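Written out below as structure tokens is the structure these notes cover.
The values are calculated or read from the model by the stated rules, or taken from the named source; none is laboratory data. This structure is a prediction, so every number in the text was calculated from the model and none was measured. No Cβ is skipped: glycine too gets one built from the backbone with ideal geometry, and neighbour counts run over all protein chains shown. Protein only, heavy atoms only, side chains kept; ligands, DNA and RNA dropped before computing areas. Shrake-Rupley method; radii C 1.70, N 1.55, O 1.52, S 1.80 Å.
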Amino acid sequence: VNPPYYVRLVELVPHPETLPAVMDVAYSLMTDVGQAPVRLRKEIDGFALNRVQYAIIAESWRLVQ
């Protein structure tokens, strides 16, 4: 999520071979450093939240125009 220093959300995306324990450690680490992690169930092209963010930005520009 951009900019990362303003938006605390972090998407954790497992590879098919990622062990569940690794996701648990990553989740704990992100929480400990003040981020707000969200677990996705599988890999997709691009990050889910970035897709939503870009749609909001594009619509905002249309409103300005």
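Some values worked out for this structure:
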read-out: Cα-centre dipole for the chain with unit charges at Cβ (Lys and Arg positive, Asp and Glu negative), debye to 20; value: 220 debye
read-out: Surface accessible to a 1.4 Å probe, Glu11 within the full protein complex, Å²; value: 30 Å²
read-out: Virtual paramagnetic centre 7 Å along Cα→Cβ of Leu29, amide N under 19 Å, in the stretch 1-21; value: 1, 4-5, 8-21
read-out: For the chain: rounded, prolate or oblate by the Cα gyration tensor [a/c cutoff 1.5]; value: oblate
read-out: Average accessible surface area per residue within the chain, 1.4 Å rolling probe, Å²; value: 82 Å²
read-out: Accessible surface of the chain, 1.4 Å probe, proportion on carbon and sulfur as whole %; value: 62 percent
read-out: FRET E, pair Phe47, Glu17, Förster distance 22 Å, beta-carbon r, rounded to 0.05; value: 0.65
read-out: Sequence-separation-based contact order of the chain, relative, with Cα cut under 8 Å and 6+ spacing, percent; value: 37 percent
read-out: Other-chain or far-sequence residues with amide H under 5 Å of Val10's (modelled H); value: Ala36, Val38
read-out: Spin-label proximity, Arg8 to the stretch 21-55 - amide N less than 20 Å from point 7 Å beyond Cα toward beta carbon; value: 24-40, 49-50, 53
